[in-house]
Amino acid sequence: MTLTVDGIDALKQLAGSELGTSDWIDVTQDRIDGFADATGDHQWIHVDVEKAKEGPFGAPIAHGYLTLSLFIPLFTGLLDVRGVTTKVNYGLDKVRFPSPVKSGSRLRLVARLAEVQDVPGGVQIAVDGTIEIEGAPKPACVLRSLSRFYA
């Protein structure tokens, strides 16, 4: 369920709060292949289904950066900030990929708004996120995302 806040002052009040858990998103082979086409990374572990079955994970796996890129659609399902003119990604901290994401997996995000800091014209937020794999003991990705919201 999306949490909607009106403006920067309301966003500041959420610092330190759990934002919740997103809906699941499917990581299909078509999505993996599309990412490979977009980035030019066609390593066999991602796109050669038959060869990947014989590889270390028993199936094709998503690119780590594909998993990371899914943070945005997962996150936008958790928090909607209204009353701002611009929302931009500012960067990432401490990104790790503890477990591979096999083709056909489902992912979701568990997120916490760790910090809200003033910056010229707005605020910068730090979100601690864990991208979970359905049924897996370890997450696909653990990260801190930085974004800026301008008034």
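The values are calculated or read from the model by the stated rules, or taken from the named source; none is laboratory data. Being a predicted model, the structure only gives us computed values, none of them experimental. Don't worry about glycine lacking a Cβ; one is built from the backbone with ideal geometry, like all the others, and counts go over all protein chains shown. These area figures cover heavy atoms from the full protein model, side chains too; ligands, DNA and RNA do not enter into them. Shrake-Rupley method; radii C 1.70, N 1.55, O 1.52, S 1.80 Å.
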query: So which residues in region 37-94 are touching a helix residue (DSSP H, G or I) at 6+ places or on another chain (Cβ under 9 Å) and among the β-branched types (Val, Ile, Thr), if there are any at all?
result: Thr39, Ile45, Val47, Val49, Ile61, Val81, Val84
- request: Give me the pairs, please: first residue somewhere in region 87-98 and on the phi > 0 side of the Ramachandran plot, second residue anywhere and of a type in the set (D, E, K, R), beta-carbon distance under 8 Å, and either six or more positions apart or on two chains.
  value: Lys94/Arg144
- prompt: Can you tell me which residues in region 22-35 are open to solvent by 60 Å² or more (accessible area, probe 1.4 Å), within 15 Å of Ala111 (Cα to Cα) and out of contact with any Asp or Glu (no Cβ under 9 Å at 6 or more places or on another chain)?
  reply: Asp23
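Could you check region 99-126 and list, in sequence order, the residues that are among the acidic types (Asp, Glu) and in contact (Cβ under 8 Å) with a residue 40 or more places away in the chain?
First pass over region 99-126, keeping only residues among the acidic types (Asp, Glu): 115, 118.
Listed by number, the list holds a single entry, Glu115.
Can you confirm whether region 4-14 contains a residue that is open to solvent by 20 Å² or more (accessible area, probe 1.4 Å), on the phi > 0 side of the Ramachandran plot and in a loop (DSSP other than H, G, I, E, B)? I'd like the intermediate steps shown before the answer.
Quick first cut of region 4-14, residues open to solvent by 20 Å² or more (accessible area, probe 1.4 Å) only: 4, 6, 8-10, 12-14.
Filter once more, so that each one left must be on the phi > 0 side of the Ramachandran plot: none.
Looking through region 4-14, none of the residues is open to solvent by 20 Å² or more (accessible area, probe 1.4 Å), on the phi > 0 side of the Ramachandran plot and in a loop (DSSP other than H, G, I, E, B).
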message: If I ask for residues that are in contact (Cβ under 8 Å) with a residue 60 or more places away in the chain and not hydrophobic (A, V, I, L, M, F, W, C), which ones from region 28-73 would you list?
response: Thr28, Gln29, Gly64, Thr67
message: Considering only region 36-56, I want to know if a residue exists there that is of a type in the set (Val, Ile, Thr), surrounded by fewer than 19 Cβ atoms within 10 Å (Cβ to Cβ) and assigned to a strand (DSSP E or B).
response: no
message: Within region 59-151, considering only strands (runs of 3 or more DSSP E) that don't extend past its boundaries, which have at least 2 residues that are among the small types (Gly, Ala, Ser) and open to solvent by less than 50 Å² (accessible area, probe 1.4 Å)?
response: 105-119, 122-133, 141-150
- request: Return only the number of the condition from (1) in contact with a strand residue (DSSP E or B) (Cβ under 8 Å, 6 or more places away or on another chain); (2) on the phi > 0 side of the Ramachandran plot; (3) not basic (Lys, Arg) that Asp26 does not satisfy.
  value: (2)
